[in-house]
1. Checking the condition within 30 Å of A:ARG18 (Cα to Cα) and either out of contact with any Asp or Glu (no Cβ under 9 Å at 6 or more places or on another chain) or within 14 Å of chain B (Cβ to nearest Cβ) (or both), which residue from A:GLY233, A:GLY237 passes?
2. Within the set of pairs 6+ apart or on separate chains, which have a first residue in the range B:359-374 that is closer than 12 Å to B:SER321 by Cα, a second that is β-branched (Val, Ile, Thr), and C-beta atoms under 9 Å apart?
3. Might you check whether a residue that is surrounded by 12 or more Cβ atoms within 10 Å (Cβ to Cβ), in a loop (DSSP other than H, G, I, E, B) and without any contact (Cβ under 8 Å) to a residue 24 or more places away in the chain occurs anywhere in the range A:230-250?
4. When only residues in the range A:191-206 that are more than 10 Å from every other protein chain (Cβ to nearest Cβ) and in contact (Cβ under 8 Å) with a residue 24 or more places away in the chain count, which is nearest to B:LEU52 (Cα to Cα)?
5. Say we look at the range B:27-46 and pick out the residues that are acidic (Asp, Glu) and over 22 Å from B:LEU75 (Cα atoms); which of these is farthest from the other protein chains (Cβ to nearest Cβ)?
6. Filter the range B:144-175 down to the residues that are among the charged types (D, E, K, R) and farther than 19 Å from B:ASP190 by Cα, then identify the one that is nearest to the chain's Cα centre (by Cα).
7. Output the number of residues of the range A:140-151 satisfying the condition of being surrounded by fewer than 22 Cβ atoms within 10 Å (Cβ to Cβ) and either charged (D, E, K, R) or closer than 20 Å to A:LEU49 by Cβ (or both).
8. Taking helices (runs of 4 or more DSSP H) that do not extend beyond the range B:291-386, which have at least 2 residues that are among the hydroxyl-bearing types (Ser, Thr, Tyr) and surrounded by 22 or more Cβ atoms within 10 Å (Cβ to Cβ)?
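The values are calculated or read from the model by the stated rules, or taken from the named source; none is laboratory data. Every value quoted in this text rests on a predicted model; they were computed, and no experiment measured them. Please note: Cβ atoms are built from the backbone with ideal geometry, for glycine as well, and neighbour counts cover all protein chains shown.
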Amino acid sequence: MKVLVPVKRVIDYNVKVRVKADGSGVDLANVKMSMNPFDEIAIEEAIRLKEAGKAEEVIAVSIGVKQAQETLRTALAMGADRAILVVASDDVHQDIEPLAVAKILAAVVKEEQPGLVLCGKQAIDNDMNATGQMLSALLGWSQATFASEVGVEGDHAVVTREVDGGLQTIKVKMPTIISVDLRLNEPRYASLPNIMKAKKKPLDEKTAADYGVDVTPRLSVVKTTEPAARAAGIKVGSVDELVSKLKEAGLV
Amino acid sequence: MQYGLTEEQEMIVSTVRSFVENEIYPHEDLVERTGEVPAEIAAEIKRKTIDLGFYACNFPESVGCAGLSHLEFALVERELGRGSMALNHFFGRPQNILMACQGEQIERYLMPAVRGDRMDALAMTEPGAGSDVRGMKCSARRDGGDWVVNGTKHFISGAEHADFVIVFVATGEDDTPKGPKKRITCFLVDRGHPGFTIRDGYKSVSHRGYKNMILEFDDCRLPDAQVLGEVDGGFEVMNTWLYATRITVATMCVGRARRVFDYALDYAATREQFGQKIGKFQGVSFQIADMITEIDAADLLTLAAADRLDKGLPANREIASAKLYASEMLARVTDAAIQVHGGMGLMDDYPLERFWRDARVERIWDGTSEIQRHIISRDLLRALGA
């Protein structure tokens, strides 16, 4: 079985994001970019499936600007077998919207025939949480979102999902799309031998046009603003102090 | 001029940095408070380093290691420099000098060291022989076919964890026109060997938990099989294999300075006085500007020196410049970072006072700033007959 893992290049989660002065988006100049952390978890899970003998090949795919090649090399250094880069824009500020990404992925799936697509539940830049679900609709495949545990057994997968009320375990028919949540696993570091091997692994470069997908944005960003600033908290030494502070603030 | 890192090198940097942030930083307070690295933490760091293929990555592929270039190894150590030296000792980097092992020494010392089965320590300094290496009193005399070693070494880093030490000892004296000159031989000595003791050294203000040990040799009898390199060939092995070690100090200073800088930058951007961020005051912002300029300069100087080694070019002066500049830069940067923080900078709620203390030794060990200036100036002036 092949496992396809879409990975997105996003602002590193450690970076303090700044909104551009004109409110048109966030500042990307000189900002460190990394693999979306949820996608890292998906790559890790795919590699574990391969190590457990449940998958033969792990293919990472990224859709975006040419620089996403670095993100794919990281996936290869973690242990993915090969990578596909689909260049869909040459403007780092253009976000390829979930529907366009899902359409390209659907085309890649038709070409590669994976038994499983493992994706991050969302990208930490726009928090759309839509691509996996859209891909499922386009392909007519089953889907299991927010996975915190994944088991592949023959022609179906058993997935534990993190839902509002707690955990829900479902069984889905393969081929399927699983979107992964934070607690599924802890991604490994790229080992030194794998870093050195990454360059030698195949990385195919395609364009959105190769798949006949129009990536023109359908959404327009009206305004981007910083979240409202919160006043710093204080530490209280005792319950009495807590009560008196709450009274002072007129909260009790 | 080729400039910039390859994708592999970027990934090496990012892996080691994540490792230091996730596996080293969380234990630093404990080591700082107790002055000890708990054995289980040491073992865990070592195991993870071996699993990641980074253990002994300064050693070549011929002995089963990664064979990183000098530049790549400098990048690894730069990132390690961000973290505690006591802890990152277990991100093992055995002494390159072990490549001088011959015959059965290879299986007894070199291979176990690069596999992480046995740890080493290097012993040169003595109470009466610091910068003046040839002034060493620790000596060995011939007795039958063996050597009998007597004397003391001190400031020996890592010896508390060492299964064996690589020690430089005087094995005779030559008369030269400039007066008597000691002949030096390098020996491999196992922990627990009769006549050899390792004991606690001094309490240092820098790098708590990264101990300096005292080695005592009392009629310690060693066969010729324990000689690393040739008898009386100590300076040859030293010059061949220890040439590059000063890059370690330089590059670790750069890594630590960047960590310190991040604290100062963040504080300047968030702390408010007189109704505005203190970073808006030139008194603070210009310090920030000077800090990053000096850090970048030291970084480039160090990587350029490492690159010269990779290209097989003479690098003695360049390495000395990097060690001198980076260690003195770290002193200025840690001092300025505390100034930006004001009084809080001196409190142990922040790690800045630790970085400030730790910075002090960098200008002293592995050749003081004065020795580096001597190397640099002699390199330039000797050629002109001055």
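1. A:GLY233
2. Matching pairs, first to second residue: B:GLY367/B:VAL249; B:GLY367/B:ILE375; B:GLN372/B:ILE319.
3. Looking through the range A:230-250, at least one residue is surrounded by 12 or more Cβ atoms within 10 Å (Cβ to Cβ), in a loop (DSSP other than H, G, I, E, B) and without any contact (Cβ under 8 Å) to a residue 24 or more places away in the chain.
4. Top of the filtered list is A:LYS201.
5. Among those residues, the one meeting the criterion is B:GLU36.
6. B:GLU173
7. So the answer is 7.
8. Output list reads B:316-341.
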